[in-house]
1. Are there any pairs, at least 6 apart or on different chains, whose C-beta atoms fall under 6 Å, with the first in the stretch 1-21 and in a loop (DSSP other than H, G, I, E, B) and the second surrounded by fewer than 20 Cβ atoms within 10 Å (Cβ to Cβ) and not basic (Lys, Arg), and if so, which?
2. Would you be able to say whether some residue in the stretch 121-129 is in contact (Cβ under 8 Å) with a residue 40 or more places away in the chain, in contact with a helix residue (DSSP H, G or I) (Cβ under 6 Å, 6 or more places away or on another chain) and closer than 20 Å to residue 5 by Cβ?
3. Any residue in the stretch 112-120 that is of a type outside the set (Lys, Arg), touching a strand residue (DSSP E or B) at 6+ places or on another chain (Cβ under 6 Å), under 19 Å from residue 56 (Cα atoms) and touching a residue at least 24 places away in the same chain (Cβ under 8 Å)?
4. Among the residues of the stretch 68-89 satisfying the criterion of being of a type in the set (Asp, Glu) and either touching an Asp or Glu at 6+ places or on another chain (Cβ under 9 Å) or within 26 Å of residue 44 (Cα to Cα) (or both), which is surrounded by the most Cβ atoms within 10 Å (Cβ to Cβ)?
5. Restricted to the stretch 79-101, and to residues that are part of a helix (DSSP H, G or I) and touching a helix residue (DSSP H, G or I) at 6+ places or on another chain (Cβ under 9 Å), which residue is farthest from residue 60 (Cα to Cα)?
6. Mind checking which residues of the stretch 27-64 are assigned to a loop (DSSP other than H, G, I, E, B) and either in contact with a Phe, Trp or Tyr (Cβ under 8 Å, 6 or more places away or on another chain) or within 22 Å of residue 132 (Cβ to Cβ) (or both)?
Amino acid sequence: MGYAIAEELACRGADVELISGPTALSVFSPRITKTDVVSAEDMYDACIKKFSKCDIAVMSAAVADYTPEKTENSKIKKNTTDLSLKLKATKDILAQLGKQKKDNQILVGFALETDNELNNAKKKLKNKNLDFIVLNSLKDKGAGFKHKTNKISIIDNNGNISDFDLKDKKQVAIDIVDKIVELFK
């Protein structure tokens, strides 16, 4: 979804900074500068570094909420005992950007939900100081990961909700960028 949004913004004349985790996807527009990251910590650092210089930030990456407390530099060999992982909360990129957001910046978040979708998205919208949030549900057939389509709802900070039908992610990106343009005027 992030790549489709980046391409649509570039098509409309924006200079885009795309921060991306590992993927086989490519960017095509010369208006897009891509920064590759591997870990959630790398993404956090890159987003914090670039945020103060941007007018609009669209945070579509599904960064894990938890990270292993301890990482290993080499393979953990199998043995006869069970293995337990201790997890810690991952730094919340969107919340930190919401705290740093200036009045002239637009901050867009995404909420991939499985339960109480609308209520959880509204809570995230408010708690993270977003201008709008893009809600999608794993319960919607053909939406979310591993699909070329998505079905979204856009909720803005005035409580307006726009529901969209299932469509190609390129078309979904147009809907999202249309909302950004509406706010940017």
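Each value in this text was obtained by applying a stated rule to the coordinates, not by laboratory testing. No experiment lies behind these values; they were computed from the predicted model shown. We place every Cβ from the backbone using ideal geometry, glycine too, and count neighbours over all the protein chains shown.
1. 1/60; 21/37
2. In the first step, residues of the stretch 121-129 are kept if they are in contact (Cβ under 8 Å) with a residue 40 or more places away in the chain; the result is none.
Checking the stretch 121-129: not a single residue is in contact (Cβ under 8 Å) with a residue 40 or more places away in the chain, in contact with a helix residue (DSSP H, G or I) (Cβ under 6 Å, 6 or more places away or on another chain) and closer than 20 Å to residue 5 by Cβ.
3. Residues of the stretch 112-120 that are of a type outside the set (Lys, Arg), as a first pass: 112-120.
Narrowing further to those that are touching a strand residue (DSSP E or B) at 6+ places or on another chain (Cβ under 6 Å): 112-113, 117, 120.
Those left that are additionally under 19 Å from residue 56 (Cα atoms): none.
Taking every residue of the stretch 112-120 in turn, none turns out to be of a type outside the set (Lys, Arg), touching a strand residue (DSSP E or B) at 6+ places or on another chain (Cβ under 6 Å), under 19 Å from residue 56 (Cα atoms) and touching a residue at least 24 places away in the same chain (Cβ under 8 Å).
4. 69
5. It comes out as 100.
6. 27, 52, 53, 54, 55, 60, 61, 62, 63
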